[in-house]
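Below: one structure, written as structure tokens.
Rule-based calculations on the coordinates, nothing more; no lab input. Since the model is a prediction, treat every value here as computed from it, not as a measurement. All Cβ positions, even for glycine, are placed from backbone atoms using ideal geometry, and neighbour counts span all protein chains on display.
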Amino acid sequence: MGQPNDKEIEPSMIAAAQADVSEGGADKAQDECGVFGIYAENEDVARITYFGLFALQHRGQESAGIATVQGDRIWLHKRMGLVTQVFDEAVLREGVGHAAIGHTRYSTTGSSVVRNAQPIVVETPHGPVAVAHNGNLLNAMHLRTEMELDGIEFESTNDSEVIARSIALNYKGEIVEAIRETMKLIHGAYSLVILTPEAVYGVRDPYGLRPLAIGQLPSGNHVLSSETCALHVIGAEYVREVEPGEIVRLDRRGLHELPGVPLAKPSLCVLEFIYMARPDSHMYGRSLHLARRRMGQEMAKEHPANGAHIVIPVPDTGIPAAIGFAEASRVPFGEGLIKSRYIHRTFIQPEQSMRDAGVKMKFTPLKEELAGKKVVMVDDSIVRGTTTRKLVKLLFEAGAAEVHVRISSPPVKWPCFYGIDMANQDQLIAATMSTEEIRRHIGATSLGYLSLPGVMRAIRVGKENFCTACFSGQYPIDVPNDLKLTKMALEPVG
Ligand code: SF4
């Protein structure tokens, strides 16, 4: 088994990765992780996984890793950085094997250091097992403490190692039994890909909080991916989603459906639909691009901007909703903000004295499109409000006569405990201010949020299939009190 070498990681790179993308990106709830898995004898599984991870890069930009099976060993390469920084030709050639799993990480639990990168490989008496996890456990600390009392030593501080160690502890010769036992022990959000010398497993928590899709390559071999956008990149056809609570196995005889744990209540994270996932992905059989476009159309009905001259998106995630808003309101769509494509999580923050430089590095207003115009600026969410305020200021400085802000989601009032990194409740602007107060704070001419029923009309899948807790305060999985205290300032309603 290849081991990660901490000495090869530049500490400055780690520190830089902790910094926010820019002030433009910091004011968003952040994706957490992307996972990918493949079983394919006679195919270059490391390379296919690399391309899969590249398509999932938006789900995590702090570290990346691939584990492959070589005979009865597991080869592992994981480092801090983007997928293209972590892997090169030589490394991918080293990773030759017949099955692989991969991971891109944004840290939600555990700090951003290489020992927290994934996949995690654990040795068991029955052979090595590698695990990659997307989500966040609610009882990880409790389980970890119990395991440590039993003498288990942990190498990382992330909750995913708790899953890997639990599988190893319960592995008495039958891996599916060990996975199922672990599913009974862990509470929270998890989509997993698990690698053994014989097979790749895909697992989804009984609430289906995080996505996981199955695809098929032209060779007939199967793959697993957090999002369907990666299937297109590697030439695979979409087969179906892994069902909440289900275990699937990929091996030399194909795809097998195995009983996992009973379905609880389907609760896919609605933010995946609103902006987390790539717009070219599909979930619940719906195109995310079209759903977001319909969100813009719904918003134009709920919060029209009469007399506006131009509708502009906050790129990139605001684009589909802005197109929809422009279509429904018959106001021309235009580009008013140009986004730098080259800023990512390793972006170095400007000095405090250059306070606005962060947002200016990321967005440049197009004066020729904005001067003298009544502008509708469409974005997908407001978390803290700092970025929206700076963008409104930028538009006015560029000569806009009016700036009408339209947000294609409801006000974010409650923190997420299921793996989406967003501010604590007291930092969420909508938890403490009314819409009118927020409008004044950001300096907009008007402000409108799409309602939750409006989001649901746009998605065209029943509300009962989603987690909407950060908008509604109704958490599908109970959050332990000690965890609540870390992020909540108020009691949830309902
Ligand atoms: Fe998604 Fe919000 Fe639920 Fe977290 S609380 S899983 S961000 S919908």
- Eligible lysines near LYS413 by straight Cα distance, threshold 19 Å, same-chain separation 8 or greater: LYS28, LYS463, LYS484, LYS487
- In region 282-484, what percentage of the DSSP-assigned beta bridges are antiparallel, given to the nearest 5? 25
- Query: For the cross-link pairs LYS78/LYS184; LYS78/LYS362; LYS339/LYS373, which exceed 25 Å when the distance is taken from alpha carbon to alpha carbon?
  - Reply: LYS78/LYS184; LYS78/LYS362
- Starting from region 155-205, pick out the trypsin sites (Lys or Arg not before Pro) whose DSSP state is loop and whose Cβ has at most 16 other Cβ atoms within 10 Å. LYS172
- How much length, in nm to one decimal, is gained on full extension between ASP280 and TYR342, taken as 0.36 nm per residue of separation minus their Cα-Cα distance? 20.2 nm
- Query: Between the helical axis of 159-170 and the dominant principal axis of the chain, each derived from Cα atoms, what acute angle in degrees is found, rounded to the nearest 10?
  - Reply: 20
- Task: Could you work out how far helix 319-329 tilts from the main Cα principal axis of the chain, as a 0 to 90 degree angle to the nearest 10?
- Result: 40
- What would the Debye formula give as log10 I(q)/I(0) at q = 0.14 Å⁻¹ for the alpha-carbon point model of the chain, no solvent? -1.37
- Item | PHE154 versus LEU185: modelled label distance in nm, points set 7 Å from Cα along the beta carbon direction | 1.3
- Message: Under a Cβ-only charge scheme (Lys and Arg +1, Asp and Glu -1), can you give me the dipole magnitude of the chain about the Cα centre, in debye to the nearest 20?
- Response: 1600
- Message: Charges at C-beta only: +1 for Lys and Arg, -1 for Asp and Glu. How large is the resulting dipole of region 282-484 about its Cα centre, in Debye rounded to 20?
- Response: 340
- Which of the GluC sites (Glu not before Pro) found in region 39-73 are loop residues per DSSP with 13 or fewer other Cβ atoms within 10 Å of their Cβ? GLU41
- Task: Please order MET295, MET141, MET456 by the number of other Cβ within 10 Å, starting at the fewest.
- Result: MET141, MET456, MET295
- Note on the structure: Per its Cα gyration tensor (rounded if a/c is under 1.5, else prolate when a/b beats b/c, else oblate), region 282-484 is best filed as oblate
- Task: Provide the FRET efficiency to the nearest 0.05 for the LEU366-LYS172 pair, computing r from the beta carbons and using R0 = 60 Å.
- Result: 0.40
- Query: When the Karplus curve 6.51 cos²θ - 1.76 cosθ + 1.60 is applied with θ = phi - 60°, which whole-Hz ³J(HN,Hα) does each residue of region 247-255 get, with x for Gly and Pro?
  - Reply: 10, 10, 10, 10, 8, 5, 9, x, 9
- Item | Hypothetical label at GLU198: residues of region 118-139 whose amide nitrogen lies under 12 Å (7 Å Cα-Cβ projection) | 126-127
- Query: What is region 11-264 by shape, rounded, prolate or oblate, if you read a ≥ b ≥ c off the alpha carbon gyration tensor as root eigenvalues and call it rounded for a/c under 1.5, prolate for a/b larger than b/c, and oblate otherwise?
  - Reply: rounded
- Note, ³J(HN,Hα) from phi for region 210-222, Karplus 6.51, -1.76, 1.60, rounded to Hz, x at Gly and Pro: 10, x, 6, 10, 10, x, 10, 7, x, 6, x, 6, 10
- Message: Cut-off under 19 Å on the C-alpha distance; same-chain residues fewer than 8 positions from LYS374 excluded. Which aspartates and glutamates are left, in chain and number order?
- Response: GLU302, GLU327, GLU335, GLU397, GLU402
